[in-house]
1. Hey, if you drop one equal point scatterer on each alpha-carbon of the range 225-339 and run the Debye formula without solvent, what base-10 log of I(q)/I(0) do you get at q = 0.12, 0.19, 0.23 Å⁻¹?
2. Would you mind calculating the relative contact order of the chain from Cα pairs under 8 angstrom and at least 6 residues apart, reporting the percent as a whole number?
3. What are the semi-axes of the equivalent ellipsoid of the range 32-146, taken as the square roots of 5 times the eigenvalues of the Cα gyration tensor, listed largest first and rounded to whole Å?
4. Would you kindly calculate the mean projected area, averaged across all directions, of the convex hull enclosing the Cα atoms of the chain, in square nanometres?
5. Counting other Cβ atoms within 10 Å, which trypsin sites (Lys or Arg not before Pro) in the range 93-167 have at most 15 and lie in a DSSP loop?
6. So if the hydrodynamic radius of the range 131-288 is defined as the Kirkwood radius over C-alpha pairs, what does Stokes-Einstein give as its diffusion coefficient at 37 °C and 0.692 mPa s, in µm² per second?
7. Between residue 233 and residue 158, what length comes free when the chain is fully extended (0.36 nm per residue of separation minus the Cα-Cα distance, one decimal in nm)?
8. Separation between the residue 34 and residue 150 pseudo-spin-labels, each 7 Å from Cα along Cα→Cβ, expressed in nm?
Amino acid sequence: MSGSPVPSSPSPLPPMAELHLHIEGTLEPELIFDLAARNGISLPYQDVNDLRARYEFTDLQSFLDLYYANMAVLVTEEDFATMTTGYLRRAATAGVRHAEIFIDPQAHLARGVDLATSIGGVARALATSRADFGMSTSLIAAFLRDQPADEALAVLEDLIAMDAPIIGIGLDSAEVGHPPSEFTQVFDRAREAGLECVAHAGEEGPPAYISEALDVLHVSRIDHGIRAMEDDELVLRLVEEQVPMTVCPLSNVRLRAVTDLAAHPLPRMIEAGLNVSIHSDDPSYFGGYLDDNLDRVTSTFELSQATLALLAANSIRSSFLPEQRQGELLAEVEAWLSE
Ligand code: ADE
Ligand code: ZN
């Protein structure tokens with residue numbers, strides 16, 4: 001060998017845990033067309049470009065309308081497994097080492113797709129994620145807050161009765177006008193069954209929904225939470241308790257929760273000492289996976305390697321992983337920082 005050794009450049013992104021990812025939000029337009037063809041479904045779009053052109057959202061509801069409509073192509077267990085494997089393959093290239101993945105079972109039940117099919121298909125793909133993609137994974141069933149709480153409770157009972165492979169429950173869909181307290185019974189029952197509890201709060205809804213999710217639903221993680229920044233006292237509490245907050249910058253831009261990325265509160269949240277981590281929400285709809293979110297915030301806010309390592313460590317510590325696996329992944333973050 002001749003010449004001096006080439007210094008190895010640091011890998012661009014640290015190993016991360018993806019904690020805020022709706023599996024149905026990973027349906028890429030190409031896959032929507034493939035699955036529609038597989039199931040003999042005719043779509044109301046001319047082609048992939050026509051569909052993609054509709055990814056112009058004015059708010060959360062305008063996105064949810066398309067998100068729920070496109071789920072029509074998910075019919076068989078195989079469809080759910082195909083979608084999930086596609087996500088895992090892409091996430092592995094983004095540096096995701098662990099993922100806690102949301103599924104919306106009610107959205108499938110409403111179309112006549114039973115729990116065994118939706119949960120079974122996703123869980124089948126997740127079962128080999130470690131072997132296939134070096135990624136540990138778990139599943140969280142999210143309830144739709146714009147549907148009756150009684151329905152959520154009945155679905156939860158069914159999930160418990162079938163011993164569904166879920167680690168916890170979440171709360172999502174249209175937020176404004178649907179405060180967390182409507183779902184007290186559902187979350188009480190989930191805790192009693194030994195399930196972890198998280199909830200979307202403070203995405204479009206007011207800061208009071210964040211307090212309510214903590215005080216009434218006793219969640220251990222807040223999904224989004226960006227509107228906390230409107231309430232100084234709440235920020236102090238969230239810092240003091242180090243409540244995990246799963247922030248999704250590209251989602252917030254695309255759903256117009258912020259005017260543009262430069263106006264995103266992320267730097268202020270970090271500066272305040274909040275326990276924030278970065279996630280992708282519905283990556284196929286919002287223009288990027290976890291690496292894209294990190295790349296964009298890194299360049300927009302000129303984040304240092306140390307800040308990136310902090311965000312990565314927060315994501316790992318905010319996960320529901322056992323301490324030992326958290327320790328292994330935190331050591332990987334340390335190693336990345338000192339490369
Ligand atoms: N379901 C899928 N994505 C969502 C989001 N960003 N907010 C609320 N519900 C969702
Ligand atoms: Zn979400």
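1. Log10 I(q)/I(0), no solvent term: -0.43, -1.07, -1.40.
2. Working: 561 pairs, mean separation 68.9, N = 339.
Rounded, it is 20 percent for the chain.
3. Numbers: eigenvalues 112, 57, 50 Å².
After diagonalising the Cα gyration tensor, the semi-axes are 24, 17, 16 Å.
4. Result: a mean projected hull area of 18.7 nm².
5. Values: sites: 97, 111, 124, 130, 145; in loops: 111, 145.
Filter output for the range 93-167: 111.
6. Values: Rh = 16.3 Å.
Answer, rounded: 202 µm²/s.
7. Numbers: separation 75, 0.36 × 75 = 27.00 nm, distance 3.93 nm.
Contour length minus the Cα-Cα distance gives 23.1 nm.
8. 4.2
The values are calculated or read from the model by the stated rules, or taken from the named source; none is laboratory data. Quantities reported herein were computed from a predicted structural model and do not represent experimental measurements. We place every Cβ from the backbone using ideal geometry, glycine too, and count neighbours over all the protein chains shown. The protein model used for the area step is the full one, side chains on, heavy atoms only, and it has no ligands, DNA or RNA in it. Shrake-Rupley method; radii C 1.70, N 1.55, O 1.52, S 1.80 Å.
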